[in-house]
Amino acid sequence: MVTLIHTLSDHKDDVSCCAFSSQCLATCSLDKTVRVYSLNDFTELPYLPLKGHTYAVHCCCFSPSGHVLASCSTDGTAVVWGSGDGHVLAVLLQPSRSPVRVCRFSPDSSRLLAGAADGSLVLWNTQSFTLYRSGNVKDGSLVACAFSPNGNFFVTGSSCGDLTIWDDKTRCLYNEKAHDLGVTCCDISSQPISGGERGFRYFQMASCGQDNQIKLWLIWFEDFLGVKLRCKCTLSGHSAPVLACAFSYDGQMLVSGSVDKCVIIHETSTGITLHTLSQHTRYVTTCAFAPHSPLLATTSMDKTVNIWQFDLEQRCAGYAVENESKVAVEDWSEDHVSAWLCAQDLVDFVELFKMNNIDGKELLNLTKESLTNELKIESLGLRNKLLKKIEELRMKLMPVPIPDEFLCPITRELMKDPVIAADGYSYEKEAMENWLSSNRRSSPMTNLPLPSLLLTPNRTLKMAITGWQERQQH
């Protein structure tokens, strides 16, 4: 369950971005200001708002320690602030003086990346506040960026639809057309995933765009072959351009916000929708998860910031809860299967399964013979690993037999209101009352006369049945 716990309405124009530290939430707006709130009670810090930009502020971000805050603006600058007192530490002017659309700190806080409308990107040294490296995307404006967890590379997204991977010296390592109508946002999960027998370490990335799509990607490095990028799956749900996406701290959820005014929370392992939030009245511009608490912030052109609280325990493998309905493995699409393979360290099978149109039903019907003869998987170790994972899915789908002592001896159905009769056996109350009302005075179990017609509630058995039912729901 996701609950709206607070709405911030201090900005006078569209709220363009938000960012969490461990203790604060920062927001920025087209009203030229940056505001910072305490996570304890969502009150604004006393030195606010921060007024240093002369035009609209497009993006804000905290350093990993939370001690420094950066913001960037149409005025062509990235401003670095001390988050403790709001003091300006540096005003960094983009060499081209082009409007700066996005900024991000490297994981070690030593660099600040600033990307501009003319496609230029700059890495600033945050110790000396001097230019460290610069570059340019191939085409279009630079509108999105994200660092890898280890800081060895970063990714940029352009208004022409390209995703570009750069090393920490701003050398272009890889470029791919990702969204036909332009990229709007990208994020890299802070939790890498291992790559099975081949031993690769995969970085999981999300991107979204004007094509209404959200894509999950895998990035990895191979000796002598360089960096590789593979689309893991495409997530659906939005009916208009998607403007924002962000991973939860543990990488298990992805949130997206759209021109359709909706916020969708996806489960990354399966790609299915966990929650849809529709409280904003205009375009959703950004979304951000708090790093170490169950909080989510969403911003909008309706000039508000919504703070949500959610329960991480509602997610379970193979199913997603939305409006109290369940989506079973049998109903998985091919993209769901691809996401599941990646979550099981079986990413090498993604392309093979897509080529063979393996959806949830097909997945559950795979056998040793079909893996060998139809899918041509030669490695015995990989076949056995895959079969083991599929068998685990099948076991989850098998109905758990009801313990015999929970069944009414008369109806052979699960008891809701068990009672103890004079013969010492427990029955469903309604069934036993019907038995007695038909002038039967014998035990349904022994056929011997009942010494008494008294029925006593069996509260211990009722509690045991309730507990068993609850366990089956998890």
TODO: On a 0 to 90° scale, report how tilted helix 380-397 is relative to the longest principal axis of the chain, with both axes built from alpha carbons and the result rounded to the nearest 10.
DONE: 60
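Can you give the charge dipole size of the chain about its Cα centre, rounded to the nearest 20 debye, using +1 on the beta carbon of Lys and Arg and -1 on the beta carbon of Asp and Glu?
Values: 42 positive and 52 negative charges, 101 e Å.
Once rounded to the nearest 20, the dipole reads 480 debye.
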Task: Helix axis angle, 459-472 relative to the chain longest principal axis, alpha carbon, degrees - done: 40
- [ ] Report, to the nearest 10°, how far helix 334-343 tilts away from the longest principal axis of the Cα atoms in the chain, using its own Cα long axis and a range of 0 to 90°.
- [x] 80
Task: Rg/Rh ratio calculated on Cα atoms of the chain (Kirkwood radius) - done: 1.12
- [ ] Taking 7 Å along the Cα-to-C-beta vector as the label spot, tell me the residue 222-residue 130 distance in nanometres, rounded to one decimal.
- [x] 4.1
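Return the FRET efficiency for the residue pair residue 394, residue 181: r is the Cβ-Cβ distance, R0 is 41 Å, and the value is rounded to the nearest 0.05. Could the numbers behind the result be given before it?
Details: r = 41 Å, r/R0 = 1.00.
According to the calculation, E is roughly 0.50.
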TODO: Quick one: of 228/361; 385/416; 228/303; 177/388; 51/177, which pairs are farther than 32 Å apart, Cα to Cα?
DONE: 385/416; 228/303; 177/388; 51/177
Task: Label point distance in nm, residue 364-residue 87, each placed 7 Å from Cα along Cα→Cβ - done: 6.3
Task: Long-range amide H partners of residue 110 with built H, under 5 Å - done: none
Open item on the list: Can you give me the C-alpha center-to-center distance between the stretch 337-366 and the stretch 148-186, rounded to a whole angstrom?
Closed with: 27
Task: Zone residues, the stretch 200-217, relative to residue 191, backbone N less than 20 Å from point 7 Å out along Cα-to-Cβ - done: 200-207, 215-217
Task: Accessible surface, per residue, of the stretch 88-232 when the full set of protein chains is kept, probe 1.4 Å, Å² - done: 40
Task: For the chain: relative contact order, % (alpha-carbon pairs under 8 angstrom, 6 or more apart) - done: 9
Task: Net length gained if the chain between residue 65 and residue 40 were fully extended (0.36 nm per residue, minus Cα distance) - done: 7.2 nm
Open item on the list: At R0 = 41 Å, how high is the FRET efficiency between residue 328 and residue 405 if r is their beta carbon distance? Nearest 0.05 is fine.
Closed with: 0.90
TODO: Note down the nm distance, to one decimal, between modelled labels 7 Å out along Cα→Cβ at residue 22 and at residue 173.
DONE: 2.8
Task: Separation of alpha-carbon centers, the stretch 250-279 and the stretch 384-451, rounded to whole Å - done: 41
Open item on the list: Taking 30 Å as R0, compute the FRET efficiency from the Cβ-Cβ separation of residue 138 and residue 12 and round it to 0.05.
Closed with: 0.20
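Would you kindly state how much longer the chain becomes between residue 452 and residue 466 on full extension, computed as 0.36 nm times their sequence separation minus their alpha carbon distance, in nm to one decimal?
Stretched fully, the residue 452-residue 466 segment lengthens by 2.2 nm.
Can you pull the percent of the stretch 2-315's accessible area that's carbon plus sulfur, 1.4 Å probe, other chains left in place?
The C+S portion of the solvent-accessible surface of the stretch 2-315 is 48 percent.
Measure off, as a whole percent, the carbon and sulfur share of the 1.4 Å-probe accessible area of the stretch 404-473, all protein chains present.
Numbers: 2320 of 4620 Å².
That share works out to 50 percent.
The values are calculated or read from the model by the stated rules, or taken from the named source; none is laboratory data. Because the structure is a prediction, the values reported are computed rather than measured. Every residue, glycine as well, gets a Cβ built from its backbone with ideal geometry; the counts of neighbours run over all protein chains shown. For accessibility, only protein heavy atoms count, side chains too; no ligands or nucleic acids. Shrake-Rupley method; radii C 1.70, N 1.55, O 1.52, S 1.80 Å.
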